[in-house]
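Working notes, beginning with the structure itself.
The values are calculated or read from the model by the stated rules, or taken from the named source; none is laboratory data. In this text, all values refer to a predicted model and were calculated from it rather than measured experimentally. We place every Cβ from the backbone using ideal geometry, glycine too, and count neighbours over all the protein chains shown. Just so you know, the surface numbers come from the protein's heavy atoms only, side chains and all, with ligands and any DNA or RNA stripped out. Shrake-Rupley method; radii C 1.70, N 1.55, O 1.52, S 1.80 Å.
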Amino acid sequence: METYYVNGFFKRRNSAKISVEDRGFNFSDGVYELISYLDEKLIFFEKHYSRLSKSLLSLKISSPLSNKKILKLIIKRLIKLNKIKSGYIYIQITRGTAKRNHVYSQQIPPNLVIFCLPLRKIEKFKRGVKVRTSEDLRWGRCDVKSISLLPNILEKQIAFNQGYYETWQTKDNYITEGTTSNAFIVDRNGSIRTYPKSKHILGGVTRDVIIQIAKKKSIKIIEKAFTLNDVKYCKEAFLTSTTVKILPVIKVNDMKINTMKIGEITKILTYNINKKING
Ligand code: PMP
């Protein structure tokens with residue numbers, strides 16, 4: 001039976017409960033993180049913890065976790081209790097429970113829920129995925145990892161229904177990012193291009209790691225927005241996220257990328273991120 005961590009207690013699934021007046025439930029007033037782990041070892045934990053702290057600060061939600069050591073201890077225990085050796089840790093913190101009112105009191109304690117998810121089967125995606133595009137309908141603070149994901153889930157669902165892996169969202173003709181991942185191309189000159197870190201995208205942990213690897217391998221990386229026209233003439237494309245790490249993108253709308261073969265730079269980055277994770 002799965003075990004969940006809810007506000008200080010380890011609870012079996014049936015007794016893991018949050019109030020109907022939770023502000024996350026009523027208003028999407030909360031933040032989250034998804035951390036992957038392999039053989040009980042957390043991947044890029046520090047980066048996830050730092051982003052979680054930033055998200056909380058941006059929304060002025062007080063942290064229920066006094067420090068990262070406490071969080072690590074809770075997670076380690078949860079992994080043992082769930083007997084899932086490799087998977088993902090989902091952490092959700094909402095502003096707390098109160099009678100429904102847009103205005104909130106600073107006094108209410110936040111709600112913290114943590115649970116484990118098993119590894120996703122992604123083998124078939126490693127040969128390359130197809131992406132569609134649509135207008136980015138999200139709010140102006142996409143850098144905050146908010147649990148408010150309506151535009152993301154709607155566009156991800158359309159992608160799924162139409163046989164695509166992902167939707168790349170466009171703002172003023174520029175591709176910002178996917179609904180669950182960051183977007184990259186390798187341009188005609190062999191430079192990697194991706195939307196700059198800003199309020200228009202989530203600063204992906206995997207994005208950061210891929211940029212670090214590219215720099216180390218002397219592959220030029222330009223954090224500058226690209227358009228669909230740039231995609232048309234690009235050599236390679238790929239996407240990154242905690243769930244999949246890096247996936248080659250072999251088709252964007254009706255445009256075939258690199259004759260639908262995995263590009264050389266994508267191969268180098270894939271090899272090196274796997275090396276980093278597997279130690
Ligand atoms: N952008 C969005 C909108 C996402 O939901 C995610 C997945 N959390 C990412 C990018 C990738 O971020 P990360 O590499 O930290 O998982």
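List of remarks:
- Against the conditions (1) part of a strand (DSSP E or B); (2) exposed (fewer than 14 other Cβ atoms within 10 Å of the Cβ), Gln106 satisfies every one except (1).
- Under the condition of being crowded, with 16+ Cβ neighbours inside 10 Å, more than 16 Å from the ligand (Cβ to nearest atom) and not in a loop (DSSP other than H, G, I, E, B), the residues counted in the stretch 12-55 number 6.
- Leu59 falls short of the stated requirement of being away from the ligand (no atom under 16 Å from the Cβ), open to solvent by less than 50 Å² (accessible area, probe 1.4 Å) and in contact with a Phe, Trp or Tyr (Cβ under 8 Å, 6 or more places away or on another chain).
- Arg138 fulfils the conditions (1) farther than 25 Å from Phe45 by Cα; (2) surrounded by fewer than 17 Cβ atoms within 10 Å (Cβ to Cβ) except for a single criterion, (2).
- Pair list, Cβ < 7 Å and 6+ apart or interchain, from the stretch 198-212 residues that are farther than 17 Å from Ile35 by Cβ to residues that are among the small types (Gly, Ala, Ser) and more than 11 Å from the ligand (Cβ to nearest atom): Lys199/Gly140
- Residues satisfying the stated conditions in the stretch 190-216, i.e. under 16 Å from Lys245 (Cβ atoms), of a type outside the set (A, V, I, L, M) and more than 10 Å from the ligand (Cβ to nearest atom): Thr194, Gln212
- Taking first residues from the stretch 251-277 that are under 16 Å from Ile221 (Cβ atoms) and partners that are acidic (Asp, Glu) and surrounded by 14 or more Cβ atoms within 10 Å (Cβ to Cβ), the Cβ contacts under 9 Å between residues at least 6 apart in sequence or on separate chains come to Gly263/Glu236; Glu264/Glu236; Ile265/Glu236; Thr266/Glu236.
- Taking the criterion of being under 15 Å from Gln169 (Cβ atoms) and not small (Gly, Ala, Ser), the residues of the stretch 218-239 that qualify are Phe226, Thr227, Leu228, Val231, Leu239.
- For the stretch 63-84, residues that are surrounded by fewer than 14 Cβ atoms within 10 Å (Cβ to Cβ) and not in a helix (DSSP H, G or I) total 3.
- Residue among Ile153, Ile147, Ile201 that is within 14 Å of the chain's Cα centre (by Cα) and loosely packed, with under 14 Cβ neighbours inside 10 Å: Ile153
- Verdict on Lys216 being surrounded by fewer than 22 Cβ atoms within 10 Å (Cβ to Cβ), more than 21 Å from Lys54 (Cβ to Cβ) and out of contact with any Cys (no Cβ under 9 Å at 6 or more places or on another chain): yes
- Looking only at residues of the stretch 159-189 that are open to solvent by 30 Å² or more (accessible area, probe 1.4 Å) and touching a residue at least 60 places away in the same chain (Cβ under 8 Å), we find that the one that is farthest from the ligand (Cβ to nearest atom) is Tyr165.
- Residue count for the stretch 236-255 under the criterion of being open to solvent by 20 Å² or more (accessible area, probe 1.4 Å), out of contact with any helix residue (DSSP H, G or I) (no Cβ under 8 Å at 6 or more places or on another chain) and not hydroxyl-bearing (Ser, Thr, Tyr): the result is 1.
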